[in-house]
Each structure stands twice: as C-alpha cells, then as structure tokens.
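Below: the structure, in structure tokens.
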Amino acid sequence: MAANNRRMSGKKGAQVGSGGQRRKGLEGKGPTPPAEMRKGHKKNRIANAKAKQAVRRPVPRGRAGKSPSELVVGRNPVVEALREGVPASTLYVQQFIDNDERVREALQLAAERGGINLMEAPRPELDRMTNGLNHQGLVLQVPPYEYAHPEDLTGAAYDEGADPLIVALDGVTDPRNLGAVVRSVSAFGGHGVVVPERRSAGMTAGAWKTSAGAAARTPVARATNLTRALEAYKKAGLTIVGLAADGEAELGELEALQGPVVIVVGSEGKGLSRLVGETCDVRVRIPMPGGAESLNAGVAAGIVLYEAARRRA
C-alpha cells in the first residue's frame, strides 16, 4: 500500500487541498505566437540569424531608378504604416517585448498582408539598426521604391489613347506634399509625377501614407536633371505650364490644359527655380480672392488638375 501511495504522489496537476493555488498556472496565455517569435523554434533561430546579418550589413546604395530602403521606427508609426498599406519587407520585433495592443495589431496586420518577414532581434541589434532612436521594440523596413523614367509617363498615356497629363515638382522637399500631389494626380486622371533626383522629396513612407494608396497605381518618375526632362517633354509636343503667383496668364484662360501638358509646381517659399521657369512655355497664376500669398504644392496641383479634368471631360 505504501508503494502505491508513493506512485500516486508523483502525479502531475492540482491535488486535494491545494486551495486553488495553481489556478493561475492553468490559465491560458492568449493565442500562440508565430513560429518566428517562439523561442527555441527552428524558424526563430533562422529569423534571429537573418536579423543579425541585416543589421551588420551596411545599407546598400540605391541603384539608378531606386531609392534606398527606409526604416519606420516606433509602435504607433509602425502600426499606422501597416494600416495605410505602406509597402514593407520586414517587421523587426524586439525579444521579450511587452505584448501590448499595438504590438499585437502590428503582428496581426503584417500576417494579414502577407509577404512581410517577421524577425525577432535583441534590443541592442535594433538600437544599432536605428542609430539609437526610440524604436519601442518595433521597426518596419520599407523596401526601395521603383521609380519610373519620365518617358514612361508619356508612353503610358499614349497607350491609353489619351493626351499626357503630368505634374512635375521643382524644389518640393516635404514628402507629405509629394504624397498629396500623387493622390490628386490619381483622382483627376493624371499619368504620373516627375521629381528631380536631388533636393526633392522622394517616395518615403510618409509620402505613401499621405497618398492614401494612390501611390500603388500612380507612377512617380525621377529625373537626373528636371530642366532637361522638361525640354525633352517639349520636344515630344507637350506644353510646359509653370505655376507662379506673378504668372502672365490666369488659370481660367489656359487652353493648353486640354492637350498634352506638364504642370510644374514649385516650392511654397521660393516658387519655380530660374532655369525651370525659363523652360516653361507659359506661367499661370491661380486667382485667390481671399488674398493668400501662396498655396502649398499639394493644394495648387489639385486645383490645376481639377481644371484640366473639367476641360477634358
């Protein structure tokens, strides 16, 4: 009988008289995390190794026609980028991170999107990756943007049997303005946006978010030299229209919007640069009865694009 009691004492689980002290140990711990996040799992070890290699490798310089990759850092920015459909290749998650609502949402959105690698990395690795920024345990890698060539925009328009309607940005450095212009071009039937390679906003995560998804269907081309790109458009038969507060023509009088046209928008402070202004066939002003001195690039482009769409309807 004593031997039988010894065998019984080795049984697992709550026993008579425990008073529920082991109840917490029996409670669930939520949904099972992905294999890449489970410590000791083969996929977890592979993910950790890849994360370390990615951090130690220098970020490659973008090839012609590509921007460098970008990192979105912090829990709120990462969740917002995933919500807005910003392209992403990898979501880095800190080991032993506090699993709050934002972390769970980021993991869920990344899983639902598909095609996003989940990498678990120690905090020192993420610190090095972000140059010491407050990443809060979440880092999203945005892949390089594939820029079009300026000639691609006219080719796409003629393939549709339409006159090209293109917006070129001169000295616009705020990515949110670029995103707003891309959104307006998409909304009013334009065929793309041209930006110079230097001293200009690029298609960053901020531009993607502001475009509200329009960047996925509206190409952005990058020109090594904006003046030469505009001259090439002129030779191809497009009218170059520059927006300027002191323009010689008023928007309502501009018949050129009905044909193949490039609308050039300068920065809010400096307007068009000298060489770009001299390249334009006509400079047009937007009447503003309210007395405002200038409009930002996104608003100005939207007004002119609406007028062009109205005339072409």
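Count, please, the residues in region 120-150 that happen to be of a type in the set (D, E, K, R) and either touching a Phe, Trp or Tyr at 6+ places or on another chain (Cβ under 9 Å) or open to solvent by less than 40 Å² (accessible area, probe 1.4 Å) (or both). Steps first, answer last, please.
So in region 120-150, the residues of a type in the set (D, E, K, R) come out as 120, 123, 125, 127-128, 146.
Subsequent filtering for residues that are either touching a Phe, Trp or Tyr at 6+ places or on another chain (Cβ under 9 Å) or open to solvent by less than 40 Å² (accessible area, probe 1.4 Å) (or both) retains 120, 123, 125.
Selection size over region 120-150: 3.
Listed residues G179, G189, G161; which is open to solvent by less than 30 Å² (accessible area, probe 1.4 Å), farther than 20 Å from G242 by Cβ and either of a type outside the set (K, R) or touching a helix residue (DSSP H, G or I) at 6+ places or on another chain (Cβ under 7 Å) (or both)? Steps first, please.
Values: G189 fails: open to solvent by less than 30 Å² (accessible area, probe 1.4 Å); G161 fails: open to solvent by less than 30 Å² (accessible area, probe 1.4 Å).
Exactly one residue qualifies, and that residue is G179.
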- Message: Looking at K234, K270, K209 in this structure, which one is out of contact with any Leu (no Cβ under 8 Å at 6 or more places or on another chain), open to solvent by 40 Å² or more (accessible area, probe 1.4 Å), basic (K, R) and at pLDDT 90 or above?
- Response: K234
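Yes or no: G242 over 30 Å from G74 (Cα atoms), touching a Cys at 6+ places or on another chain (Cβ under 6 Å) and modelled with pLDDT of 90 or more?
Working: over 30 Å from G74 (Cα atoms): yes; touching a Cys at 6+ places or on another chain (Cβ under 6 Å): yes; modelled with pLDDT of 90 or more: yes.
Considered against the rule, which asks whether it is over 30 Å from G74 (Cα atoms), touching a Cys at 6+ places or on another chain (Cβ under 6 Å) and modelled with pLDDT of 90 or more, G242 comes out as yes.
Return yes or no: is A221 at negative phi, small (G, A, S) and modelled with pLDDT of 95 or more?
In short, yes.
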- Note on the structure: Flagged in region 241-276 as over 28 Å from the mean Cα position of the chain (by Cα) and farther than 21 Å from P164 by Cβ, in numbering order, are A244, A245, D246, G247, E248, E250, G252, E253, R274, L275
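Looking only at residues in region 129-162 that are outside any loop (DSSP other than H, G, I, E, B) and closer than 24 Å to E80 by Cβ, which one is farthest from the chain's Cα centre (by Cα)? Give the steps one after another, and end with the answer.
Taking region 129-162 as the starting set, the residues that turn out to be outside any loop (DSSP other than H, G, I, E, B) are 129, 138-142, 146, 148, 150-159.
Subsequent filtering for residues that are closer than 24 Å to E80 by Cβ retains 129, 138-142, 146.
Values: M129: 19, L138: 17, V139: 14, L140: 11, Q141: 11, V142: 7, E146: 12 Å.
Only one residue fits best here, namely M129.
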- Message: So, in region 72-96, exactly how many residues are among the β-branched types (V, I, T), surrounded by fewer than 23 Cβ atoms within 10 Å (Cβ to Cβ) and touching a residue at least 60 places away in the same chain (Cβ under 8 Å)?
- Response: 1
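The values are calculated or read from the model by the stated rules, or taken from the named source; none is laboratory data. None of these values were measured; they are calculated from a predicted model. All Cβ positions, even for glycine, are placed from backbone atoms using ideal geometry, and neighbour counts span all protein chains on display. SASA here: full protein model, heavy atoms, side chains in, ligands and nucleic acids out. Shrake-Rupley method; radii C 1.70, N 1.55, O 1.52, S 1.80 Å.
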